[in-house]
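Colleague: The structure is given below, and queries will be raised subsequently.
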Amino acid sequence: MTSCHVAEDPIKKVAIFGGTHGNELTGIFLVKHWLENSTEIQRRGLEVKPFITNPRAVKKCTRYIDCDLNRVFDPENLGKKKSEDLPYEVRKAQEINHLFGPIDSEDSYDIIFDLHNTTSNMGCTLILEDSRNDFLIQMFHYIKMSLAPLPCYVYLIEHPSLKYATTRSIAKYPVGIEVGPQPQGVLRADILDQMRKMIKHALDFIHNFNEGKEFPPCAIEVYKIMEKVDYPRNESGEIAAVIHPKLQDQDWKPLHPEDPVFLTLDGKTISLGGDQTVYPVFVNEAAYYEKKEAFAKTTKLTLNAKSIRSSLH
């Protein structure tokens, strides 16, 4: 007798996005390769579509042209009347939503993998948007186990006031993939290899699921966002302190209230403060200076998933 499990519809359509940020080169490099030769991403009975999301930014090797494509997939922007006056990325968002969404429509893609690089020392990171999604927790567990002993972290961006209108959010199962550290506009073979393996294991999981494999209950450790921390600033709003050397490159490591986080030019140390240990992520991310984010505080949780199996089996 089979165990009590969650029956999920089989996965039919998967998209792999590269170039949501035009200066994060690993995803761009891989997607361009797969557009020419898709052998390694094909799985029986599955449609897998590689896609460059922000071609103009990719061409200029810049994060975006008018605004951040990874923040404009909200109903307001997607519902705006088409016009040449709209920011380039809003027009692209509408186009992408038409091609791959809209979410929950009959033709929408089941899974979107959105490939990103970070300048922060975050290693292999999977981004989860829903803590109650058994299918994604099972997939992330499979990827983590397959990559071991290489660590793979899960960043949970579920938060009541920090809303993310991500490029991937138009899919039933949105998956963010971040691999770092890698400077903007640079390729690194080790980072490229790690991202490529993450996609391979993800597609293997989907294939096994579609073929009728039952995945038993599992648990994963995740880091849930609590708040974003800005740099100390002077009266003019300019940065008045830098990330402390003891915090630099320490993503995912415990950070205690008394630990230093910033250093001023006159040598003054600013500690974390508060009354709890947190886990910093996106420490000193280059792209987040404009977003006034020096790092994000997270708390560590365990998420459990029920057994899952394809509803066809």
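Colleague: Hey, could you check the stretch 244-268 for residues that are within 28 Å of the chain's Cα centre (by Cα) and charged (D, E, K, R) and say which is least open to solvent (accessible area, probe 1.4 Å)?
Modeller: Only one residue fits best here, namely Asp251.
Colleague: Name every residue in the stretch 142-184 that is among the small types (Gly, Ala, Ser) and under 19 Å from Phe17 (Cβ atoms), in order of residue number.
Modeller: Ala165, Ser169, Ala171, Gly176, Gly180
Colleague: Here is a follow-up. List every residue pair whose Cβ atoms lie under 8 Å apart, where the two residues are 6 or more positions apart in sequence or sit on different chains, the first residue falls within the stretch 120-140 and is over 19 Å from Thr167 (Cα atoms) and open to solvent by 10 Å² or more (accessible area, probe 1.4 Å), and the second residue, located anywhere, is at pLDDT below 95 and assigned to a strand (DSSP E or B).
Modeller: From residues that are over 19 Å from Thr167 (Cα atoms) and open to solvent by 10 Å² or more (accessible area, probe 1.4 Å), the pairs are Asp134/Val6; Asp134/Glu8; Asp134/Ile308.
Colleague: Could you list all residues from the stretch 141-168 that are within 15 Å of Ala296 (Cα to Cα) and open to solvent by 10 Å² or more (accessible area, probe 1.4 Å)?
Modeller: Tyr153, Ile157, Glu158, His159, Ser161, Leu162, Lys163, Tyr164
Colleague: Pairs under 6 Å by beta carbon, first residue closer than 17 Å to Tyr173 by Cα in the stretch 188-214, partner among the charged types (D, E, K, R) and surrounded by fewer than 19 Cβ atoms within 10 Å (Cβ to Cβ), six or more apart or different chains?
Modeller: These pairs meet every condition: Leu203/Arg43; His207/Arg43.
Colleague: Among the numbered criteria (1) in contact (Cβ under 8 Å) with a residue 24 or more places away in the chain; (2) surrounded by fewer than 23 Cβ atoms within 10 Å (Cβ to Cβ); (3) not hydroxyl-bearing (Ser, Thr, Tyr), which one does Asp107 miss?
Modeller: (1)
Colleague: Name the one entry in Leu78, Leu46 that is in contact with a helix residue (DSSP H, G or I) (Cβ under 8 Å, 6 or more places away or on another chain), farther than 20 Å from Gly19 by Cβ and buried (at least 18 other Cβ atoms within 10 Å of the Cβ).
Modeller: Among Leu78, Leu46, only Leu46 is in contact with a helix residue (DSSP H, G or I) (Cβ under 8 Å, 6 or more places away or on another chain), farther than 20 Å from Gly19 by Cβ and buried (at least 18 other Cβ atoms within 10 Å of the Cβ).
Colleague: Here is a further query. Somewhere in the stretch 6-26, is a residue of a type outside the set (Gly, Ala, Ser), open to solvent by 60 Å² or more (accessible area, probe 1.4 Å) and without any contact (Cβ under 8 Å) to a residue 60 or more places away in the chain?
Modeller: Within the stretch 6-26 (the criterion being of a type outside the set (Gly, Ala, Ser), open to solvent by 60 Å² or more (accessible area, probe 1.4 Å) and without any contact (Cβ under 8 Å) to a residue 60 or more places away in the chain), the answer is no, since none of the residues qualifies.
Colleague: Restricting to the stretch 288-311, name every residue that is open to solvent by 10 Å² or more (accessible area, probe 1.4 Å) and not in a loop (DSSP other than H, G, I, E, B).
Modeller: Passing the criteria: Tyr288, Lys297, Thr299, Lys300, Leu301, Thr302, Leu303, Asn304, Arg309.
Colleague: Further question on the same structure: Being out of contact with any Phe, Trp or Tyr (no Cβ under 8 Å at 6 or more places or on another chain) and at pLDDT below 95 is the filter here, so list the residues in the stretch 100-130 that pass it.
Modeller: Pro102, Ile103, Asp104, Ser105, Glu106, Asp107, Asp130, listed by residue number.
Colleague: So, one more: Take Tyr88 and tell me if it is surrounded by fewer than 20 Cβ atoms within 10 Å (Cβ to Cβ) and closer than 23 Å to Ala286 by Cα.
Modeller: yes
Colleague: Further question: Is it fair to say Leu263 is of a type outside the set (D, E, K, R), touching a strand residue (DSSP E or B) at 6+ places or on another chain (Cβ under 7 Å) and closer than 21 Å to Pro151 by Cβ?
Modeller: Considered against the rule, which asks whether it is of a type outside the set (D, E, K, R), touching a strand residue (DSSP E or B) at 6+ places or on another chain (Cβ under 7 Å) and closer than 21 Å to Pro151 by Cβ, Leu263 comes out as no.
Colleague: Quick one: Ala241 ticks every box in (1) of a type outside the set (Phe, Trp, Tyr); (2) closer than 29 Å to Pro151 by Cα; (3) surrounded by 18 or more Cβ atoms within 10 Å (Cβ to Cβ) except a single one, so which number is it?
Modeller: (2)
Colleague: Okay, moving on. Could you list all residues from the stretch 173-200 that are crowded, with 19+ Cβ neighbours inside 10 Å, of a type outside the set (Gly, Ala, Ser) and within 14 Å of Met139 (Cα to Cα)?
Modeller: Those that are crowded, with 19+ Cβ neighbours inside 10 Å, of a type outside the set (Gly, Ala, Ser) and within 14 Å of Met139 (Cα to Cα): Tyr173, Pro174, Val175, Ile177, Met198, Ile199.
The values are calculated or read from the model by the stated rules, or taken from the named source; none is laboratory data. All values derive from a computational prediction rather than experimental measurement. Using ideal geometry, Cβ is built from the backbone for each residue, glycine included, and neighbour counts are taken over all protein chains shown. SASA here: full protein model, heavy atoms, side chains in, ligands and nucleic acids out. Shrake-Rupley method; radii C 1.70, N 1.55, O 1.52, S 1.80 Å.
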